[in-house]
Amino acid sequence: MQKPTTTAATEAEAGRLLGDQPPVAEEEWKPPQVSKLGAWLRFLRIKFARLVLLPNFTFDQAYDLREAVRKDGRLTRGYILMCALSAGIAALGLLQSSTAVVIGAMLISPLMSPIAALGFGFASIDGHRIKDAARVVAIGAGIGIMTGVLITWLSPIRNATPEILARTQPTLLDLAVALFSGIAGGYATVIGKGGTAIGVAIATALMPPLAVLGYGIGVLQIRFALGALLLFLTNLAAITFAFALVARLAGVARPLFKVEWTPRYIAAFALVFLLLATPLSMTLLKLSREAAIRTAATSAIRQACGKDATIAQIDVSTPLFEEPSVDALVIAPGYTTNAASDAEARLKSALGREVRINLQQVMAADWQSRTRAMVDAAMERTAAGIAADVPPIDRVRQSIGLPTRSLWSDRAQRLVYVEPVPAPGWTLADYRAIETASRMDDDVKWTVRIVPPPQAQLTVALGDPALAPEGAVTPQLAVWALRRWGMSRVTIEGRRTEAQAGLLGALANIGVEASFLASTSQAEDDSTSDEDGDEETPPPVARLRIYPPSPSQEAAAAAARREAEAAAAQASEAAER
């Protein structure tokens, strides 16, 4: 960029050389006195900037770039509209757990421009520009939060998907993504290339947490909202300070000798700095505490499970207002009894505090089996979409209090299915009662499903349950059992009656098809009730046959029908003769 040669241009140039103040006459401007230390620092800055491929700006070029960043970061109607659209798409992507939709929402997010202005303001220690840029960022964040709340209220699906849960608390990876995104964004702003692609990375670190914050407010989950808020502020602080670092290294920040030390600007600088530095410090302390717990937990689990055990996965969670927990997957040649409680005791002795351990043990004898188990665990973990997502198997067993025949989990729906052994004297109502009593705490976020032992027939009371025969169940309990058994078709003995309308509607709602089969006992009951009209009519019931006819029974029935048809045909021929 060439310097102007006219007197007016020289005056304007002098104003730029002084920083961002109105221009003064050329004869009034004198270069500041620079100490030897300042000269060496400037020399080292230029050398380091060249080493990391940052251009060296002159005073007038730096001024032009600062002005361009300031103008791009202004509040406009287009900025408001794009924030709302981006947050809406991000919220929909989070609700349907679609990573592609969440990333696609970032293509239209305008958050990079005001954040760049905020970072340049910190680099220049310019309280005025920090205040203006922080206001634009706050308005965009507020729009994102309100859009997330509105989308959550309007959506028929409000389940906490893995995409949402992954953004309820900051992790070291999240902080690293934000830091590298900020450095890349500052570099793209300085060289003037690749702004759109870098803006996507920056928006990925900021807009989804805002949408999750709106979701937490919409469903009244304060823990989700506070965790997402901490993640947003942490990422915002990391990106802003990365912008400021790049701007200072490239020499585009305002010279320090022109910093305005007025009380109002100093107060604005201090306030915004505290708002960004406080959550960043909290996150760094949290990550440091998690690292210490992880190291101690690894040692405790290895001691509890034996030297031949391999820890395939270990995740530490330190919620804001709850006790920390450790989820670990161990692969060992054999099963170790009470390994979780033993590891918890060792961990408490090492840390001096209670830490809950959810330990999942996988038995593998040889190295080939161990490798396959580790690969399967990694694939299952990726499909679930969340790292710290180990089902609480031991806690489920303890809460049920019955021997279990099998136990499996659905990580996508966060369900644990338990099939207990048939207990003497237990009814369907008893199994449903232990399912209700086995609900996990809110921090576990897993739901227990009891699969009761199957029965060949269910007697369903269609009237007052108190007058029903012994062993009869309510329609609600019958529907619950059929859902747990995964039935799609049942047979009802007898003919269709008006009393069965409610039961048939409940079966249709869960996708169970009902067919009717007239039985001998039903016909006898009907004839008896016709002859003894004076006797009291028993309460109506429906007898459901759960098992369909076996293939051998169907074959025998088909053979009997063929024999009957053949006998009828022979009798008809004999009669015609």
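The values are calculated or read from the model by the stated rules, or taken from the named source; none is laboratory data. Keep in mind that this is a model prediction, so the values were computed, not measured. When we count neighbours, we look across all protein chains shown, and the Cβ atoms used for this are built from the backbone with ideal geometry, even at glycine. These area figures cover heavy atoms from the full protein model, side chains too; ligands, DNA and RNA do not enter into them. Shrake-Rupley method; radii C 1.70, N 1.55, O 1.52, S 1.80 Å.
In region 479-500, what count of residues is obtained for those that are at pLDDT below 85, over 10 Å from residue 514 (Cβ atoms) and open to solvent by 30 Å² or more (accessible area, probe 1.4 Å)?
The number of residues fulfilling the criteria is 4.
Considering only region 104-117, I want to know if a residue exists there that is surrounded by fewer than 22 Cβ atoms within 10 Å (Cβ to Cβ) and farther than 29 Å from residue 273 by Cα.
yes
Which ones in region 531-571 are more than 20 Å from residue 493 (Cα to Cα), surrounded by fewer than 10 Cβ atoms within 10 Å (Cβ to Cβ) and modelled with pLDDT under 80?
The answer is 531, 533, 534, 535, 536.
If I ask for residues that are open to solvent by less than 20 Å² (accessible area, probe 1.4 Å) and of a type in the set (Val, Ile, Thr), which ones from region 319-363 would you list?
Once the filter is applied, which keeps residues that are open to solvent by less than 20 Å² (accessible area, probe 1.4 Å) and of a type in the set (Val, Ile, Thr), region 319-363 yields 326, 330, 331, 355, 357.
If you take just the helices (runs of 4 or more DSSP H) that sit entirely in region 111-185, which of them hold at least 1 residues that are within 17 Å of the chain's Cα centre (by Cα)? Show your work before the answer.
Details: elements: 112-124, 127-154, 162-165.
Of the helices (runs of 4 or more DSSP H) lying wholly inside region 111-185, those with at least 1 residues that are within 17 Å of the chain's Cα centre (by Cα) span 127-154, 162-165.
Return the pair list, or none, for Cβ contacts closer than 8 Å from residues in region 509-521 that are outside any strand (DSSP E or B) to residues that are modelled with pLDDT under 85 and open to solvent by 70 Å² or more (accessible area, probe 1.4 Å), at least 6 apart or on different chains.
If the second residue must be modelled with pLDDT under 85 and open to solvent by 70 Å² or more (accessible area, probe 1.4 Å), the pairs left are 518/495.
Just give me the residues in region 220-235 being touching a helix residue (DSSP H, G or I) at 6+ places or on another chain (Cβ under 6 Å) and of a type outside the set (S, T, N, Q), in sequence order.
If the condition is that a residue be touching a helix residue (DSSP H, G or I) at 6+ places or on another chain (Cβ under 6 Å) and of a type outside the set (S, T, N, Q), then 224, 225, 228, 229, 230, 231, 232, 233 are the ones that fit.
So, restricting to strands (runs of 3 or more DSSP E) that lie completely within region 281-366, which ones have at least 3 residues that are among the hydroxyl-bearing types (Ser, Thr, Tyr) and at negative phi?
Values: elements: 310-317, 325-332, 356-363.
Of the strands (runs of 3 or more DSSP E) lying wholly inside region 281-366, none has at least 3 residues that are among the hydroxyl-bearing types (Ser, Thr, Tyr) and at negative phi.
Residues checked against (1) modelled with pLDDT of 80 or more; (2) crowded, with 16+ Cβ neighbours inside 10 Å; (3) within 34 Å of the chain's Cα centre (by Cα):
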{"position": "401", "(1), (2), (3)": "no, no, yes"}
{"position": "434", "(1), (2), (3)": "yes, yes, yes"}
{"position": "437", "(1), (2), (3)": "no, no, yes"}
{"position": "461", "(1), (2), (3)": "yes, yes, no"}
{"position": "468", "(1), (2), (3)": "no, yes, no"}
{"position": "477", "(1), (2), (3)": "yes, yes, yes"}
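List every residue pair whose Cβ atoms lie under 7 Å apart, where the two residues are 6 or more positions apart in sequence or sit on different chains, the first residue falls within region 149-177 and is surrounded by fewer than 18 Cβ atoms within 10 Å (Cβ to Cβ), and the second residue, located anywhere, is outside any loop (DSSP other than H, G, I, E, B) and of a type outside the set (Ser, Thr, Tyr).
These pairs meet every condition: 153/218; 155/95; 157/95; 172/287.
Kindly provide the set of residues from region 302-312 that are touching an Asp or Glu at 6+ places or on another chain (Cβ under 9 Å) and either crowded, with 19+ Cβ neighbours inside 10 Å or under 21 Å from residue 285 (Cβ atoms) (or both), ordered by number.
Here is the first cut: in region 302-312, the residues touching an Asp or Glu at 6+ places or on another chain (Cβ under 9 Å) are 303-305.
Correct list: 304, 305.
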